[in-house]
Amino acid sequence: MSEHGYEAGRLNLPFVGISTFGKKPYVPDWDNIDADVAILGAPYDFGCQFRPGARFGPRAVREASTLFSFGHAGAYDHEDDATYLGSDVRIVDLGDADIIHTKTQASHANIEYGVHKILEAGALPVVIGGDHSVNIPCINAFAEDCARSGPIHVVQIDAHLDFVDERHGVTAGHGNPMRRAIEKDYVSGMTQLGIRNVSSTAKEGYDDARSRGSDILSVRQVRKLGTEGVLERIPSGVRYYVTIDIDAFCPSIAPGTGTPSHGGFQYYDVLEILQGLTRQGQVAGVDLVEVAPAYDPSESTQILAAQLLLNFIGFIFHNRI
């Protein structure tokens with residue numbers, strides 16, 4: 001019989017207490033991270049080209065995650081007949097990287113430092129942005145880890161390709177991260193899913209991405225192939241870094257983002273691909289970006305983000321060998 005937290009005499013409802021991610025312990029000392037998963041906020045949105053507000057994404061996703069903090073003996077999924085995120089998976093919340101307004105390089109350096117400390121501690125980094133430029137320091141932080149453990153294959157779930165090399169001198173905005181990632185010798189390849197409609201990346205960017213080995217699929221192409229067909233195109237037996245832009249989802253379920261794009265994924269389109277990845281390789285890092293809560297008074301965008309992350313973390317550790 002599983003032991004539930006309720007037996008300790010406290011109900012601990014979602015609206016009670018401090019909003020750490022999933023109501024997990026807060027660890028302010030980054031030199032003493034003892035966990036399997038470490039959550040890091042990256043509230044930086046000075047890299048966006050349209051609507052700002054993703055700086056409030058980490059706070060909103062944490063608040064939403066309290067909805068899923070019930071069930072202290074883990075979360076039972078009757079479809080999978082599996083219990084996820086039991087007491088054997090130790091999750092901590094490190095708070096946020098320090099952001100210095102108007103200073104991209106310094107802010108990114110602080111994010112990179114946080115991810116580096118998580119990897120140094122042997123934990124899985126899960127970073128909540130912030131705009132998609134925060135992926136740049138996240139990938140940068142993997143240099144030493146990949147030297148020890150091997151390269152990473154980047155799986156991007158997004159409406160936009162984000163493969164701009166340089167535009168008006170900007171090389172570290174939210175349109176640049178996948179171009180910066182593919183330049184790393186420890187990034188072995190890239191799969192870009194959900195890319196659709198009018199894009200921030202010109203045709204030359206698509207040609208460049210494909211010439212460097214990227215596999216690009218739109219939402220319609222993903223649905224035509226089906227989950228198994230998509231997974232067959234992604235290398236197996238490798239380490240993955242998964243970056244999720246919330247605008248990959250249809251604005252009908254995720255309107256709270258700076259650059260919404262209609263025709264996006266529904267929840268299970270993405271969840272089933274993520275679950276499949278955990279069965280065919282090792283997830284080494286995750287970021288979820290571009291939640292801008294001010295544009296969604298229903299708060300469904302941040303609830304979607306929190307639910308997706310918690311399920312994904314559960315799959316990762318359930319299927320880890």
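The values are calculated or read from the model by the stated rules, or taken from the named source; none is laboratory data. Predicted model, so just to flag it, every value in this text is computed and none were measured. Virtual Cβ from ideal backbone geometry, glycine too; neighbours counted across all protein chains shown. Side chains are part of the model used for accessible areas, which takes the heavy atoms of the whole protein and leaves out ligands, DNA and RNA. Shrake-Rupley method; radii C 1.70, N 1.55, O 1.52, S 1.80 Å.
Considering F68, F50, the condition of being more than 29 Å from I152 (Cα to Cα), hydrophobic (A, V, I, L, M, F, W, C), touching a helix residue (DSSP H, G or I) at 6+ places or on another chain (Cβ under 6 Å) and at pLDDT below 95 is satisfied by F68 alone. Inside the stretch 232-250, residues that are in a helix (DSSP H, G or I) and open to solvent by less than 10 Å² (accessible area, probe 1.4 Å) make up a count of 3. Against the conditions (1) more than 27 Å from I136 (Cβ to Cβ); (2) assigned to a helix (DSSP H, G or I), I253 satisfies every one except (2). Filtering T259, T278 for residues that are open to solvent by 20 Å² or more (accessible area, probe 1.4 Å), touching a residue at least 24 places away in the same chain (Cβ under 8 Å) and β-branched (V, I, T) leaves a single hit, T259.
With respect to A73, is the statement that it is more than 20 Å from G281 (Cβ to Cβ) and either touching a strand residue (DSSP E or B) at 6+ places or on another chain (Cβ under 9 Å) or surrounded by 15 or more Cβ atoms within 10 Å (Cβ to Cβ) (or both) true?
Here the answer is yes, as A73 does meet what is asked.
If the condition is being closer than 19 Å to P52 by Cβ and under 15 Å from the mean Cα position of the chain (by Cα), then the stretch 255-300 contributes T257, D287, L288, V289, E290, V291, A292. Under the condition of being open to solvent by 20 Å² or more (accessible area, probe 1.4 Å) and of a type in the set (A, V, I, L, M), the residues counted in the stretch 187-204 number 2. The residues of the stretch 214-258 that are more than 26 Å from E204 (Cβ to Cβ) and among the acidic types (D, E), listed by number, are E228, E232. V170 meets the conditions (1) within 30 Å of Q105 (Cα to Cα); (2) surrounded by fewer than 22 Cβ atoms within 10 Å (Cβ to Cβ); (3) of a type in the set (V, I, T); (4) in contact with an Asp or Glu (Cβ under 8 Å, 6 or more places away or on another chain) in every case but one. The failed one is (4).
When I234, I253, I244 are checked against the criterion of being in contact with a Ser or Thr (Cβ under 6 Å, 6 or more places away or on another chain) and of a type in the set (A, V, I, L, M), a single residue qualifies: I234.
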